[in-house]
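Here's the structure, in structure tokens; my notes come after.
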Amino acid sequence: MENLLELFAHRFFQNAVWTILLTSLLSAMIGTYIVSRKIVFISGGITHASFGGIGLAYFLGINPFLGAVVFAITTALGIEWISSKGKIREDSAIAILWSLGMALGIIFVFLTPGYTPNLMSFLFGSILSVDRFDLWILIAVVLLTALLFILLYRPIVYTAFDPEFSKTRGLPVSLIRNIMAILMALAIVLSIRVMGIILVLSLFTIPQNTALLFTNDFKRIVAGSILWSITGSLTGLLVAYFLNIPGGAAIIFVLTIQFFLVKVFLLLRSSKNR
Amino acid sequence: MDSKQPLASIKNVSVGYGGTPVLTDVNLDIYPLDFIGVIGPNGGGKTTLSKVLLGILKPYRGRVLFPSGRINIGYLPQISRIDRSFPITVKEVILSGVSSRRNWWKSLFTKTEGIAEKLLDELGLEGYEDRAIGQLSGGQLQRVLLARAIVNNPQLLILDEPNTFVDRNFEAELYKILERLNKRMSIVLISHDIGTISSIVKTIACVNGTLHYHPSNELTEEVLHIYNCPIDLITHGELPHRVLKQHS
Ligand SMILES: Nc1ncnc2c1ncn2[C@@H]1O[C@H](COP(=O)(O)OP(=O)(O)OP(=O)(O)O)[C@@H](O)[C@H]1O
Ligand SMILES: [Mg+2]
């Protein structure tokens, strides 16, 4: 217990806790959209393409976050455009952008003279290195996303569910889809800080699926995802600290256990009621 | 309203996907309180026709005009296009029909209490408002889509095969509902089942690459032959098909 209190007194750990709270809020909202539309593969493409931006930023000596954002947003809007045209095979196009991004990243990092960045931290996350500046950006994006979700809740859900019908109702379907593509890109890049490129999609899918065990209502899935994501990620962070294992991996582990425990609990309960 | 002026008018329209025309030289006037049955083979272009009317698809040539000003069009898409695993409740689906073309942002926060519930009662689905659509049968979902199509009191209602998955009982009821709605709105009803619809529609359009308008609801094999509309006239009994004249 004393150990725990001591831990929370550390600035780096406070930052990590705040990061997890904010990232959970963000990924709960955006992840519900991703899971509902079944576009997990698209978000995978965005995630990996952003690595190209990280590599380029290192090569140019600028903030890697900036490079990742530019690549992620470009990819997200590009995929949205491709799927609205419907001429090219969408899934193949995503796979191309996916691997091209990774390839560019590797090339640029390789070409960068002298200091080579710690690739592992991008691939697997490095939550304990989050600083004040990262936190402020995260807060800004969380607020922006929450505001848009509250203001545009109906159009977001309606255009995700049935874009064609929404068009007949006069909703600005492509505008809303593009806004969501940008938010997806921002949320993914910011979460890479915590989970790393390889693990980040778990935050956008596992808590949502745990929430889906209880409800089929979009709003409630967002709420449920926030709950499961916050509890699971904080537990994961503590587990990581005390067992001295990587945070991202520990978080995924806890989120998955959470899902199965809830699933088993519900199965047992429903078989008892029968 | 001047009933001589059409609500919507399709003029010499050619339309398709990716440069390949599906429909060519289509002409059709839809007047107030019309009830047009649209028939035609699979892939004939029925759904494409509805998309042109709705403005979802831009014609290559020709125009779709609304002589009496922009109209509110209700739409029930072909059910196969609906993602039934999407986490959305019946109530939300119906409310998604409420926003209107001109100022959609007003519908962001409009009070919608009771609107969905009232329609559900009328369609025999009382108490279903909080169900997820994934938990509905095909016929129940079809009714929800009908509710969504009419919730905003459109002047023109376009229904793309609303009788898919619907059982005999509700099919008869559906046609009663449509006849009632037809007292205040024009209806375009797409269906394969010419036998059952021909008794409720007023006129018939045959769509197969182009459109042939038949200003009555009586069809014979010969007419269908001339229109190049290979449709099975044989129906599954019971429902009235006085209009069908079978030829040997
Ligand atoms: N999104 C699309 N992209 C490319 N071609 C399409 C698209 N939708 C339809 N088509 C083609 O256009 C033609 C007409 O399709 P449409 O859906 O209008 O037919 P339909 O009369 O509604 O058929 P059904 O009775 O099967 O519903 C078909 O040959 C189809 O392959
Ligand atoms: Mg069709």
Check your understanding: So for chain B, what are the equivalent ellipsoid semi-axes in whole Å, largest first, each being the square root of 5 times an eigenvalue of the Cα gyration tensor?
Key -> 29, 23, 17
Practice item. Could you tell me what percent of the accessible area of segment A:137-274 is made up of carbon and sulfur, with a 1.4 Å probe and every protein chain present? Key: 72
Revision key, fill the gap. For segment A:72-137, using Cα atoms only, the Rg and Dmax in Å read 16.1, 45
**Study point:** For segment B:163-168, 3J(HN,Hα) per residue [Karplus equation, 6.51 cos²θ - 1.76 cosθ + 1.60, θ = phi - 60°, Hz, x = Gly/Pro]
**Key:** 8, 4, 6, 8, 7, 3
**Study point:** Amide H partners (placed H, <5 Å) of B:Leu211, local residues excluded
**Key:** B:Asn27
Revision key, fill the gap. Eigenvalues of the alpha-carbon gyration tensor of segment A:189-274, times 5 and square-rooted, give semi-axes in Å, largest first, of 25, 16, 9
**Study point:** Computed magnitude of the charge dipole of segment A:2-272 (debye, nearest 20; Cβ of K, R +1, Cβ of D, E -1)
**Key:** 740
**Study point:** For the pair B and A, total buried accessible area rounded to nearest 100 Å², probe 1.4 Å
**Key:** 2800
Point to revise | Nonlocal amide H pairs with B:Ile187, under 5 Å, H built at 1.01 Å | key: B:Asp34, B:Phe35, B:Ile36, B:Leu157
**Study point:** Ellipticity estimate at 222 nm from DSSP helix runs (n ≥ 4, -39,500 (n - 2.57)) divided over the protein assembly as shown, nearest 500
**Key:** -18500 deg cm²/dmol
Point to revise | Debye, to nearest 20: dipole size of chain B, +1 on Lys, Arg Cβ, -1 on Asp, Glu Cβ | key: 1020
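On average, how much area does the Cα convex hull of segment A:1-145 cover when viewed from any direction, in nm²?
Working: hull surface 42.5 nm².
Orientation-averaged projected area of the Cα hull: 10.6 nm².
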Exercise for review: Counting only heavy atoms of the protein chains, get the accessible area per residue of the protein assembly as shown (1.4 Å probe) and round it to a whole Å² value.
Suggested key: 46
Revision key, fill the gap. Each label sits 7 Å from Cα toward the beta-carbon; between B:Lys11 and A:Asn3 the label points are separated, in nm, by 8.2
Review point. Of A:Ala57, A:Met102, B:Cys206, which is farthest along the charge dipole of the protein assembly as shown in the positive direction, counting Lys and Arg as +1 and Asp and Glu as -1 at C-beta?
Key: A:Ala57
Exercise for review: Take each complete run of DSSP H in chain A, measure how far its Cα atoms stretch along the helix's own axis, and keep only those covering 18 Å or more with mean Kyte-Doolittle hydropathy at least 0.0; list them.
Suggested key: A:11-37, A:40-60, A:64-85, A:90-111, A:132-151, A:173-199, A:218-243, A:247-273
Review point. B:Glu218: accessible area at probe 1.4 Å, nearest 10 Å²?
Key: 90
Exercise for review: Would you mind computing the Rg to Rh ratio of segment A:2-272 from its alpha-carbon coordinates, Kirkwood style for Rh?
Suggested key: 0.98
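In segment B:1-80, how does Rg compare with the Kirkwood Rh, expressed as the Rg/Rh ratio over alpha carbon atoms? If you can, show how the numbers build up before the last one.
Numbers: Rg = 12.8 Å, Rh = 13.4 Å.
We get a ratio of 0.96 for segment B:1-80.
With a Förster radius of 30 Å, plug the Cβ-Cβ distance of A:Arg11 and A:Ile62 into 1/(1 + (r/R0)^6) and report the FRET value to the nearest 0.05.
On the way: r = 26 Å, r/R0 = 0.88.
Plugging the Cβ-Cβ distance into 1/(1 + (r/R0)^6) gives 0.70.
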**Study point:** Antiparallel bridges, percent of DSSP beta bridges restricted to the protein assembly as shown (to nearest 5)
**Key:** 45
Revision key, fill the gap. Compactness check, the protein assembly as shown: C-alpha Rg relative to the 2.2 N^0.38 Å globular estimate gives 1.16
Review point. What angle do you read, to the nearest 10 degrees and between 0 and 90, between the alpha-carbon axis of helix B:138-150 and the longest principal axis of chain B?
Key: 90
Exercise for review: Between A:Val262 and A:Ile150, take the C-beta separation as r, use R0 = 22 Å, and let me know the FRET efficiency to the nearest 0.05.
Suggested key: 0.20
Point to revise | Unsatisfied cross-links (Cα-Cα over 24 Å) in the set B:Lys46/B:Lys106; B:Lys11/B:Lys46; A:Lys85/B:Lys46; A:Lys167/B:Lys58; B:Lys176/B:Lys202; B:Lys118/B:Lys176 | key: B:Lys46/B:Lys106
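Would you mind getting me the FRET efficiency between A:Lys85 and B:Leu33? Use the beta-carbon distance for r and R0 = 30 Å, nearest 0.05.
The computed FRET efficiency comes out at 0.15.
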**Study point:** Accessible area of chain B belonging to carbon and sulfur atoms, whole % at 1.4 Å probe
**Key:** 50
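The values are calculated or read from the model by the stated rules, or taken from the named source; none is laboratory data. None of these values were measured; they are calculated from a predicted model. Note that each Cβ is placed from the backbone with ideal geometry, even for glycine, and that neighbours are counted across all protein chains shown. Remember, those area values only see protein heavy atoms, side chains included, never the ligands or the DNA or RNA. Shrake-Rupley method; radii C 1.70, N 1.55, O 1.52, S 1.80 Å.
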